[in-house]
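Nothing in this text is a laboratory measurement; each read-out follows from the coordinates by a stated rule. Remember, it's a predicted structure, so these values are computed and weren't measured experimentally. Heads up, the Cβs are rebuilt from the backbone with ideal geometry, glycines too, and the neighbour counts pull from every protein chain shown.
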Amino acid sequence: MDMIIDPWFYAVAVPAVLLVGLSKGGFAGGLGILGVPMMALVISPLQAAGILLPILIVMDLIGVWAYRKSFHLKNLMIMVPGAAIGILIAALTASYVTDNFVRLLVGGIAVAFALDHWIGRRAEAAPKQVNQTKGTAWGAVGGFTSFVAHAGGPPFQIYMLPQKLDKRLYVGTSVMFFWAVNLIKVPPYALLGQFEITNLSTSLMLMPLAPIGMWLGIKALDLIPEKPFYRFAYMALFLVGCKLVWDGATGAFLT
């Protein structure tokens with residue numbers, strides 16, 4: 001069977017997949033966005049995204065079952081169509097947009113939003129309401145960045161966190177949103193050759209880690225009170241944003 005056999009790849013890929021599972025299960029906030037950058041330490045970001053997508057879809061199925069009664073339908077009806085637009089734009093411009101540009105864009109937005117939350121004292125602000133325009137716009141940004149690097153977390157959080165939903169409702173909405181996004185990404189990924197035999201075989205090898213990471217994340221979520229959960233989510237968003245800005249800047253200007 002053709003697959004990646006480099007032990008250094010698996011030394012990075014195993015913790016990356018577990019981290020993504022923890023995040024999708026509701027724990028570790030947006031840190032699941034680090035899955036592709038971690039794997040890109042040893043393979044190309046494009047190949048890392050191709051290997052992760054089937055694993056993400058399996059995780060999504062587990063999450064959909066776990067949170068099948070806890071999601072915000074109105075937000076999903078606004079954000080998912082926006083995400084489809086973003087995915088279409090990303091697919092049509094895939095050969096023109098660099099990974100470093102996406103990292104800088106997503107990271108800069110994430111850092112600015114977290115700082116605005118803290119400095120602008122948004123923590124004490126009243127919960128925001130569902131907004132058609134903002135939800136569609138951030139859904140489109142999330143679809144675009146998710147297609148390029150599975151980095152749709154920060155745009156989703158920027159729109160959803162200010163609503164201050166119950167933590168389980170928030171996580172369930174995230175699970176349903178990215179389940180839809182990942183399914184929409186399958187046809188264009190296939191057309192771009194992301195599902196060749198080496199990638200699929202490697203995905204299959206890593207697949208058993210999907211339910212383990214998800215189970216750990218779901219269990220951890222049940223143990224975290226509401227306020228610490230949101231503090232952690234904003235801190236994770238900020239740290240991930242800093243990491244992406246650093247990676248994008250060094251990749252763009254130091255190579």
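Computed over every Cα-Cα pair of the stretch 145-234 and binned at 5 Å starting from 0, the pair-distance distribution P(r) comes out as 2, 10, 17, 21, 20, 13, 9, 6, 2 percent.
Going by how many other Cβ atoms sit within 10 Å of their own, how do 10, 234 line up, fewest first?
Numbers: 10 17, 234 21.
Final ranking by Cβ density, sparse to dense: 10, 234.
In the stretch 76-163, which chymotrypsin sites (Phe, Trp or Tyr not before Pro) fall in coil by DSSP and have 12 or fewer other Cβ atoms within 10 Å?
Numbers: sites: 96, 101, 113, 118, 138, 144, 147, 156, 159; in loops: 96.
Passing both the DSSP loop test and the Cβ count: 96.
So for 253, 238, 232, fewest C-beta neighbours within 10 Å to most, what's the order? Mind dumping the intermediate values first?
On the way: 253 8, 238 21, 232 15.
Least to most surrounded, the residues fall as 253, 232, 238.
For the chain, the Kirkwood estimate of the hydrodynamic radius, built from every pair of different alpha carbons, is 18.0 Å.
Membrane-span-like helices in the chain, defined here as complete DSSP H runs extending at least 18 Å along the helix axis by their C-alpha atoms with mean Kyte-Doolittle hydropathy no lower than 0.0, are 7-24, 45-66, 73-92, 99-119, 132-149, 167-191, 209-223, 226-253; this is a sequence and geometry rule, not a statement about a membrane. Residues considered: 228, 45, 208. Largest GNM mean-square fluctuation over the chain, using C-alpha springs under 10 Å, is found at 228.
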